[in-house]
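Visitor: Please find one structure pasted underneath; my questions will follow.
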Amino acid sequence: MARRYDPERRRRIIEAAIRVVGRNGIAGLSHRSVAAEADVPLGSTTYHFKTLDELLVAALRQTNEGFAKAVASHGGLEDPRTDLATELAGLLGEWLAGERTGVELYLAALRRPALRPVAAEWCEDVAELLSHRTDPVTARALVALMDGICLQALLTGTPYDEEYAREMLGRILPGN
């Protein structure tokens, strides 16, 4: 039987992994569950991703790219006439109101060392973007505060308070 050329298979497997994690959590992720979700043979998942950690790294990298696109679409983050704290608080609200699979993958880096470099890349990328509006040290502090605000909302189940986030982010920014 001839192999069918399928250049999108790897991408479909990653997207399926993201859906499986979104529905069942990290514990529900297996090569078998992803193969079923992607409608590909089990061997395809293990061909493209030898381990679940490799698959999780690819999934986290893809969700990071999605967040980067959301950040980039917020033109106010680069516009010096807008209030940066307000823009960031709004962005956090959008992120927390949407699909939280990326957050779960990001948090999985606490227990899965293979994910840590990708999580660190996310922090560095966001800090780099923010350093266009402020100095690099302040940008890193903003990223740390955003992480903390998100963690508190997720771990305690309390609703996201955009006004609180705006105020705290504003306290870190020079001139506020």
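Visitor: Against the conditions (1) free of Cβ contacts under 8 Å to residues at least 60 places away in the same chain; (2) open to solvent by less than 70 Å² (accessible area, probe 1.4 Å); (3) among the small types (G, A, S), where does A36 fall short? Just the number, please.
Guide: If we test A36 against (1) free of Cβ contacts under 8 Å to residues at least 60 places away in the same chain; (2) open to solvent by less than 70 Å² (accessible area, probe 1.4 Å); (3) among the small types (G, A, S), just (2) comes out false.
Visitor: Here's something else I'd like to know. Identify the single condition in (1) out of contact with any helix residue (DSSP H, G or I) (no Cβ under 7 Å at 6 or more places or on another chain); (2) part of a helix (DSSP H, G or I); (3) modelled with pLDDT under 95 that H132 does not satisfy, given that it satisfies every other one.
Guide: All conditions pass for H132, except number (2).
Visitor: A further question follows. Do we have T45 as β-branched (V, I, T), buried (at least 17 other Cβ atoms within 10 Å of the Cβ) and under 11 Å from the mean Cα position of the chain (by Cα) here? Give the derivation first.
Guide: Values: β-branched (V, I, T): yes; buried (at least 17 other Cβ atoms within 10 Å of the Cβ): yes; under 11 Å from the mean Cα position of the chain (by Cα): no.
When the stated conditions are applied, T45 does not pass them.
Visitor: Just to be sure I understand, how many residues within region 89-103 are outside any loop (DSSP other than H, G, I, E, B), touching a Leu at 6+ places or on another chain (Cβ under 9 Å) and at pLDDT below 85?
Guide: Taking region 89-103 and keeping what is outside any loop (DSSP other than H, G, I, E, B), we get 89-97, 101-103.
Then drop every residue that is not touching a Leu at 6+ places or on another chain (Cβ under 9 Å), which leaves 89, 91-92, 96, 102-103.
Pick out the ones that are also at pLDDT below 85 and you get 96, 102-103.
So the count comes out to 3.
Visitor: Here is a further query. Could you tell me whether region 111-129 includes any residue that is of a type outside the set (G, A, S), over 18 Å from E65 (Cα atoms) and either assigned to a loop (DSSP other than H, G, I, E, B) or in contact with a helix residue (DSSP H, G or I) (Cβ under 8 Å, 6 or more places away or on another chain) (or both)? Walk me through how you get there before you give the answer.
Guide: First, pick out the residues of region 111-129 that are of a type outside the set (G, A, S): 111-113, 115-118, 121-126, 128-129.
Applying the additional criterion that residues be over 18 Å from E65 (Cα atoms) yields 111-113.
Then drop every residue that is not either assigned to a loop (DSSP other than H, G, I, E, B) or in contact with a helix residue (DSSP H, G or I) (Cβ under 8 Å, 6 or more places away or on another chain) (or both), which leaves 111-112.
Yes - at least one qualifying residue is present in region 111-129.
Visitor: OK, next. Looking at this structure, is L91 open to solvent by 50 Å² or more (accessible area, probe 1.4 Å) and over 27 Å from R10 (Cβ atoms)?
Guide: Details: open to solvent by 50 Å² or more (accessible area, probe 1.4 Å): no; over 27 Å from R10 (Cβ atoms): yes.
Taking the combined requirement at face value, the residue does not satisfy it.
Visitor: Next up: Within region 71-88, track down each residue that is assigned to a helix (DSSP H, G or I) and open to solvent by 40 Å² or more (accessible area, probe 1.4 Å). Steps first, answer last, please.
Guide: Let us first name the residues in region 71-88 that are assigned to a helix (DSSP H, G or I), namely 71-73, 75-77, 84-88.
Residues satisfying the conditions are A72, S73, G75, T86, E87.
Visitor: Please go through region 135-176 and pick out each residue that is at pLDDT below 95, hydrophobic (A, V, I, L, M, F, W, C) and open to solvent by 30 Å² or more (accessible area, probe 1.4 Å).
Guide: L151, L154, L155
The values are calculated or read from the model by the stated rules, or taken from the named source; none is laboratory data. The structure displayed is predicted, hence computed values, not measured ones. Reconstructed Cβ throughout: ideal geometry from the backbone, glycine too, with neighbour counts over all protein chains shown. SASA here: full protein model, heavy atoms, side chains in, ligands and nucleic acids out. Shrake-Rupley method; radii C 1.70, N 1.55, O 1.52, S 1.80 Å.
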